[in-house]
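Values quoted throughout were computed directly from the atomic coordinates according to the rules given, and no laboratory measurement underlies them. Everything numeric in this text was worked out from a predicted model, so none of it was measured. Cβ: placed from backbone, ideal geometry, glycine included. Neighbour counts: every protein chain shown.
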Amino acid sequence: MVFQTKVPLRWGDMDAYGHCNNAAFITYLEQARVHAFHSRPDDNAGVELLLSGVVVVEHTIRYRRQVPYSPIPLRILLWTDQIRSGSYTTAYQIWNDQGAQPELAATAQTLLAPINFATSRPRRLTAGEKTFLQGFGGPPD
Amino acid sequence: MQPYTIEMQLRWSDEDRNGHVNNARFMTYSEDARLKWLAVMRHDLGTAGAGNGAILARQSCDYLAQVHVATTPMIAIDTYVVRLGTSSVALRQIVRDLATDDWLADMASTLVCFDYRANSPAPFNDAEREWCLRYHLSEDDAAALHQKG
């Protein structure tokens with residue numbers, strides 16, 4: 001099921017152009033992933049995955065609209081894709097609800113990999129982790 | 001003694017290598033509260049800082065507790081006016097855990113009403129001065145606040 005969360009903007013996310021800087025979007029995606037990991041209190045696999053070690057391998061972001069600072073938070077839809085033995089992809093839609101009509105401000109994908117922080121070596125996803133990640137199936141309708 | 005209060009969501013990346021919210025992040029929290037307060041002034045009066053703006057002249061922070069995002073996902077920031085000059089306003093900001101009300105930081109900042117075109121301070125107008133005093137924290141109020149905190 002696609003996960004939906006709200007991420008508030010901060011004034012300092014804006015640059016001299018008066019819109020939220022492209023690099024701030026990486027932080028919005030990160031915050032959405034953290035919310036997703038914590039969204040299933042009855043399933044610890046997500047929080048354990050976060051604690052044991054998962055790293056970003058690649059980000060792809062398509063910026064479609066400018067986002068000026070506003071007290072209205074971004075709405076982020078998140079789902080998982082391509083869950084493999086040693087990596088998975090998280091896909092996102094970032095919606096700007098500031099105007100009369102919601103606006104799709106950006107779409108993005110992040111390739112993530114579980115690692116063992118103690119040895120700095122990649123590792124395989126456990127069956128429990130795979131099941132947890134599969135719970136965020138998409139794409140949205 | 002009515003503060004201007006905002007709620008703010010902490011971010012995972014606000015924590016540093018020590019696993020707690022980094023000291024510098026508090027400046028950003030203060031900034032968001034300050035700018036939202038000024039936005040209310042602009043909304044109410046049509047101006048905020050004589051129609052020009054305000055610039056930060058001073059900022060200090062007493063750190064009262066370690067903050068961990070996992071246990072404190074949301075904070076509240078109370079903004080009070082402690083002193084009003086001709087072209088400056090001194091603010092006190094209490095950063096609290098939204099869920100527990102525990103004080104996390106006690107901050108002070110001085111804003112100067114500023115004409116960005118002239119690159120110089122400008123006086124607050126009467127309406128702005130009166131508006132600022134809605135949030136005034138007297139010394140007696142401050143003492144009561146200390147006891148509560």
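Residues in the stretch B:1-54 that are of a type in the set (D, E) and part of a helix (DSSP H, G or I) were compared, and the one that is nearest to A:T5 (Cα to Cα) is B:D14.
Cβ separations smaller than 7 Å between residues 6+ apart or across chains give the following pairs from the stretch B:14-32 residues that are in contact (Cβ under 8 Å) with a residue 60 or more places away in the chain and within 14 Å of another protein chain (Cβ to nearest Cβ) to residues that are surrounded by fewer than 20 Cβ atoms within 10 Å (Cβ to Cβ) and not aliphatic (A, V, I, L, M): B:F26/B:C61; B:S30/B:Q59. Report yes if A:Q82 is within 18 Å of the chain's Cα centre (by Cα) and either on the phi > 0 side of the Ramachandran plot or of a type in the set (D, E, K, R) (or both), otherwise no. It is true that A:Q82 is within 18 Å of the chain's Cα centre (by Cα) and either on the phi > 0 side of the Ramachandran plot or of a type in the set (D, E, K, R) (or both). Scan the stretch B:38-58 residue by residue and report those that are out of contact with any Asp or Glu (no Cβ under 9 Å at 6 or more places or on another chain), away from chain A (no Cβ under 11 Å) and under 19 Å from B:R92 (Cβ atoms). B:A54, B:I55, B:A57, B:R58 - these are the residues of the stretch B:38-58 that are out of contact with any Asp or Glu (no Cβ under 9 Å at 6 or more places or on another chain), away from chain A (no Cβ under 11 Å) and under 19 Å from B:R92 (Cβ atoms). Of the residues B:L84, B:L91, B:L35, the single one that is under 21 Å from B:P121 (Cα atoms), within 14 Å of another protein chain (Cβ to nearest Cβ) and of a type in the set (A, V, I, L, M) is B:L35. Looking at the structure I just gave you, is B:D101 in a strand (DSSP E or B) and acidic (D, E)? Taking the combined requirement at face value, the residue does not satisfy it.
A residue that is touching a residue at least 12 places away in the same chain (Cβ under 8 Å), at the interface with another protein chain (Cβ under 10 Å from one of its Cβ atoms) and not acidic (D, E) cannot be found anywhere in the stretch A:53-61. Residues that are of a type in the set (S, T, N, Q), under 25 Å from B:E7 (Cβ atoms) and part of a helix (DSSP H, G or I) within the stretch A:1-54 comprise A:T27, A:Q31, listed in sequence order.
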